[in-house]
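Below is one structure, written out as structure tokens; the observations come after it.
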Amino acid sequence: MEFSQYNVDALMYITPRPELVFTEGRGMWMTDHKGKRYLDYLQGWAVNCLGHSPKCIEDAIVAQAGKLLNPSPAFYNENMIKLADQLTQHSCFDRVFFANSGAEANEGAIKLARKWGQKNKNGAFEIITFDHGFHGRTLATMSASGKPGWDTIFAPQVTGFPKADLNDIASVEKLINEKTVAVMLEPVQGEGGVIPASREFMQALRALTTKHNVLLIVDEVQTGMGRTGELFAYQLSGIEPDIMTLGKGIGGGVPLAALLAKEAVSCFVPGDQGGTYNGNPLITAVGIAVLNALTAPNFLEEVKAKSVYLSQALIKLSNQFGMEGERGEGLLRALKLGRDIGPRLVEVARDLEPIGLLINSPRPNLLRFMPALNVSYEEIDTMISMLSKVIQQVIDEAAAA
């Protein structure tokens, strides 16, 4: 089927898309409407933690689809209970609320913190967030985000989100006042350019928030579920936050997210929080399959080993082309290009023949890599080889111009 036969105009325009339609995927690979294959280092923006269409997710969906889909969140179902129990066993948290997207989970975290502030801090409601942070696309989570330009798109913003600087504890401390109820951050700023919060900063932030009786919220929508080599990124720093949000990887490709909190913070009362599809047995069955895979013996050790391998390969590539190195945690990494060629690299990589390469440039001078956590060493080598050719082509184009 030719691209012109697809009525793409029926879709609301929200972003420019290339003229291809993906029809199949397996592991690290996708196939488009013409049969061309692509090595996928986006994986739905770190969503497909086990790659495209993994057998364990397929089996979970097929088995549960014949049992029970959606009994209503007004009732318990077996899978929501089992997944919540497993998440609390593997984390420092006591309670779980299931949602459908990371933005919804973050919105819930904001509501929970404000509710806690009403009950425990004389109505304190401000949540300190960070420049270049990204927490979602609802009005509140856009306001919480520090993405440049977002303060005017749907003005006026939701108030109560003063911005600090990542890895600068003094910038946080000077914003704390009687209105402050929480500090919220991504352990690694993904959209901001794959910028990790240092271990020292996370530990200082936990100490500071404890000192001022302020909640610490970690947005692990992108870093959670094994992405950094630990099941949750906060574990890298040896701290215990009060609230955590999960999304993307927890569903492995289906819409699942979660809000987790310590018992002392879990202060919602009936009517405060809900959602039509939240915690339904079909989606939580997938969550169970994903969590079981990630916690299988040696799985996370392999993630750590592959992250070192990818990091070293990116450093070698950077040295080859006189770039500025790489950074990240686990299998969330960035190549610092040193020049604004990211968008062109994305385009040339995608158009490679006979197979394409899917990469992401969140900033013009940066490439971001979010492979499936079970990516093979051979697939890392293949990507590096393809990217090397792409970089050389783009450099040659620039020289010719």
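Some observations on this one:
- The length gained by stretching the chain between ALA305 and ARG17 to full extension, at 0.36 nm per residue less their Cα-Cα distance, is 100.2 nm.
- Build a GNM of the chain with springs between Cα atoms under 10 Å apart, and of PHE22, PHE97, PHE161 the one that fluctuates most is PHE22.
- Pairwise FRET efficiency - ASP168 versus ARG350, Cβ, R0 = 30 Å, nearest 0.05: 0.20
- Note on ASN213 and ASP85: with the Förster distance fixed at 30 Å, the Cβ-Cβ geometry gives a FRET efficiency of about 0.50.
- Computed from Cα positions, the angle between helix 55-65 and the longest principal axis of the chain comes to roughly 50 degrees.
- Looking at the chain, the accessible area is 45 square angstrom per residue; that uses a 1.4 Å probe and ignores ligands, DNA and RNA.
- Folded to 0 to 90 degrees: helix 102-120 orientation relative to the chain principal axis, Cα: 20 degrees
- Percent accessible area from carbon and sulfur atoms, segment 330-401, protein chains only, probe 1.4 Å: 49 percent
- In this rough spin-label picture, where each label sits 7 Å from Cα along the Cβ direction, the ILE315-LYS262 distance is 3.7 nm.
- Normalised radius of gyration (Cα atoms, divided by 2.2 N^0.38 Å) for the chain: 1.00.
- Helix 199-211 and the longest principal axis of the C-alpha atoms of the chain enclose an angle of approximately 20°.
- A crude spin-label estimate for the pair PHE154 and GLU378, with each label 7 Å from Cα along the Cβ direction, gives 4.5 nm.
- Among the protein heavy atoms of segment 10-52, carbon and sulfur supply 59% of the accessible surface, probe 1.4 Å, non-protein parts ignored.
- Rg/Rh ratio calculated on Cα atoms of segment 184-285 (Kirkwood radius): 0.99
- Share of pairwise Cα separations in segment 236-320, more than 23 Å, in percent: 48 percent
- Highest mean packing first, where packing is the average number of other Cβ atoms within 10 Å per residue, the peptides 332-341, 102-111 line up as 102-111, 332-341.
- Of the solvent-accessible surface of segment 141-257, computed with a 1.4 Å probe and all protein chains present, 52% belongs to carbon and sulfur.
The values are calculated or read from the model by the stated rules, or taken from the named source; none is laboratory data. All of these numbers come straight from a predicted model, not from anything done at the bench. Neighbour counts run over all protein chains shown; Cβ positions are idealised from the backbone, glycine included. What goes into the accessible areas is simple: the full protein's heavy atoms, side chains included, and nothing from ligands, DNA or RNA. Shrake-Rupley method; radii C 1.70, N 1.55, O 1.52, S 1.80 Å.
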